[in-house]
Amino acid sequence: MTVLVTGGAGYIGSHTCVELLKNDYDVVVVDNLCNSSEISLRRVAELTGKAPCFYRCDVRDTAALSDVFRRHEIGCVIHFAGLKAVGESVQKPLAYYENNLGSTMTLCRVMLEHGVKQLVFSSSATVYAGNNPMPLSEESRTGDCSNPYGWTKYMCEIILSDIARATPGFSVALLRYFNPVGAHESGRLGEDPSGIPNNLMPFISQTAVGQRRELSVFGNDYDTPDGTGVRDYLHVVDLARGHVAAMDYLKAHEGAAVFNLGTGRGTSVLEMVHAFERVNGVAVPYRITERRAGDLATVYADPKRSEQILHWRAERTLEDMCRDSWRWQSQNPRGYQSGD
Ligand code: NAD
Ligand code: UDP
């Protein structure tokens with residue numbers, strides 16, 4: 001079967017291409033490279049011995065996307081393409097709504113025109129409201145998002161659920177990711193943020209490699225065991241495997257289904273820093289600073305539904321996440337710009 005992967009040159013998309021090719025799917029990638037490099041796809045080919053078929057175009061470009069559907073017999077789509085920086089979404093809400101909603105709607109229209117009815121969508125734990133008890137299950141309350149990025153994911157979930165309800169045979173898996181970190185164990189694929197990283201793990205690894213002077217730990221007065229924020233970090237390769245599991249589920253089910261992809265375990269900022277130092281034998285200088293606006297003390301998943309229905313479970317440990325992040329960062333200090 002041929003799988004169309006939108007945003008397939010990006011961080012999670014490139015790791016998912018590897019898992020798909022390993023599982024004998026044919027892969028077609030559509031990406032406009034607004035936040036990625038084609039080098040990631042060359043490395044996917046190097047790792048698997050099979051090259052994804054790549055189209056550099058915007059998912060919102062109806063003519064270009066239709067052409068891709070005409071050239072390939074697509075069986076399923078995994079839709080990663082989108083903008084994802086929370087802070088930037090507050091500064092540029094229109095760009096976020098246009099890109100994330102526009103790409104999802106254009107994609108669905110073209111899919112339906114070509115009779116393609118299986119879709120895996122990249123959603124996020126940010127769709128959950130802030131006042132839920134932990135852990136978060138798929139039944140936890142959603143909405144009250146604190147930024148436009150979160151609202152785009154929330155709105156896409158509604159749009160996709162409505163389309164599934166109205167379209168016989170349509171099936172969509174809404175995958176709510178918790179905190180993806182780590183890199184392919186080869187050190188050839190990883191997260192390559194442009195500019196100053198917003199997320200914890202890339203900031204830690206860039207500090208360890210000497211590109212940043214020190215990590216700012218955003219607050220140590222939360223109601224958590226060591227006072228720093230607790231999140232559910234999962235290895236990106238486990239996350240990629242979750243997409244293959246979701247595709248298997250879609251083959252036998254209609255309608256919309258929501259799944260949390262997380263480990264069910266919380267890790268604090270300082271635990272992560274110390275694990276990274278211990279596993280890799282490097283120093284991560286840090287300083288405690290003010291809390292970051294909008295942050296919650298603790299967020300972690302209840303992953304039972306994914307375990308029971310998708311038969312998926314995150315297998316890699318915190319040590320694996322730290323080791324693989326460091327291998328990627330130390331071998332590619334400037335990300336994909338470090339070369340082929
Ligand atoms: P990424 O930026 O590395 O990948 C997204 C890819 O989409 C990039 O290659 C970018 O060039 C491409 N893209 C963006 N808009 C496009 C458009 N209109 N047309 C074609 N290509 C376009 O991000 P990622 O971390 O791999 O995230 C993938 C998806 O998962 C995103 O939708 C993101 O919102 C979601 N997600 C990510 C995280 C995370 O922490 N990384 C957490 C939850 C959800
Ligand atoms: N964090 C931090 N310093 C940083 C980046 C993040 O202390 O430079 C903390 C943040 O306050 C949160 C955790 O690390 O408690 C994870 O943050 P991230 O932005 O990676 O994920 P999110 O908060 O979106 O779940």
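Structure notes:
- Acute angle (nearest 10 degrees) that the helix 39-48 long axis makes with the longest principal axis of the chain, alpha-carbon atoms: 80 degrees
- Relative contact order of the chain, defined on C-alpha pairs under 8 angstrom at six or more residues apart (%): 19 percent
- Here is how the number arises for the chain: DSSP H runs of 4 or more residues each give -39500 (n - 2.57), the sum is divided by the residue count, and the result at 222 nm is -11000 deg cm²/dmol.
- A 1.4 Å probe run over region 202-277, with the rest of the protein chains in place, finds 35 Å² accessible per residue.
- Multiplying the residue separation of ALA63 and GLN337 by 0.36 nm and subtracting their alpha-carbon distance yields 95.5 nm.
- For region 125-134, backbone phi angles converted through the Karplus equation (6.51, -1.76, 1.60; θ = phi - 60°) give residue-by-residue couplings of 5, 5, 6, 6, 5, x, 9, 6, x, 9 Hz, Gly and Pro being listed as x.
- The three principal axes of the Cα atoms in region 175-281 give end-to-end lengths of 50, 37, 26 Å, sorted in falling order.
- Highest mobility in the GNM of the chain, judged by mean-square fluctuation with C-alpha springs under 10 Å and restricted to GLY195, GLY227, GLY143, is found for GLY195.
- Anisotropy class of region 283-326 from Cα gyration tensor, a/c 1.5 cut: oblate
- Counting Lys and Arg as +1 and Asp and Glu as -1 over every other residue whose Cβ lies under 12 Å from the Cβ of LEU107, the net charge comes to -1.
- Across region 192-204, rounded Karplus estimates of 3J(HN,Hα) from the backbone phi angles (6.51 cos²θ - 1.76 cosθ + 1.60, θ = phi - 60°) give 10, x, 8, x, 6, x, 8, 8, 4, 4, x, 5, 4 Hz, Gly and Pro being marked x.
- The ellipsoid that matches the Cα gyration tensor of the chain has semi-axes, each √(5λ) in whole angstrom, of 31, 23, 18, with the longest given first.
- Across region 315-332, computed HN-Hα scalar couplings (Karplus, 6.51 cos²θ - 1.76 cosθ + 1.60, θ = phi - 60°) run 10, 7, 8, 4, 5, 4, 4, 5, 5, 6, 4, 6, 4, 4, 5, 6, 7, 9 Hz from first to last residue, x flagging Gly and Pro.
- Hull volume per residue, based on the alpha-carbon atoms of region 239-340 and their convex hull, is 169 Å³.
- Residue (of ALA257, GLY49, PRO168) at the positive-pole extreme of the chain, dipole from beta-carbon charges: GLY49
- Less than 5 angstrom separates the built amide H of CYS53 from those of VAL27, VAL28, VAL29, all sequence-distant by 5 or more or on a different chain.
- For region 222-298, the spread of Cα positions along each principal axis, largest first, Å: 50, 31, 19
- Evaluated at q = 0.13, 0.16, 0.20, 0.22 Å⁻¹, the base-10 log of the normalised Debye intensity for region 76-217, with identical point scatterers placed on the Cα atoms, takes the values -0.70, -0.99, -1.28, -1.37.
- Proximal charge balance of GLU38 [Cβ under 9 Å; K/R count +1, D/E count -1]: +1
- Ranked by how many other beta carbons lie within 10 Å on average, peptides 20-27, 299-306, 128-135 from highest: 299-306, 20-27, 128-135
- Put simply, the amide H of LEU215, placed in the peptide plane, has neighbours under 5 Å in TYR286, ARG287, leaving out anything fewer than 5 places away on its chain.
- Overall form of region 1-113 per C-alpha gyration tensor (a/c, 1.5; a/b vs b/c): oblate
- Net +/- balance of residues flanking PRO168 in space, Cβ distance below 15 Å, scoring K and R +1, D and E -1: 0
The values are calculated or read from the model by the stated rules, or taken from the named source; none is laboratory data. It should be emphasised that the depicted structure is a prediction, and the values quoted were computed from it without experimental measurement. A quick note on method: Cβ atoms are made from the backbone with ideal geometry, for glycine too, and the neighbour counts reach across all protein chains shown. We work out accessible area using only protein heavy atoms, side chains counted, and drop any ligands, DNA or RNA first. Shrake-Rupley method; radii C 1.70, N 1.55, O 1.52, S 1.80 Å.
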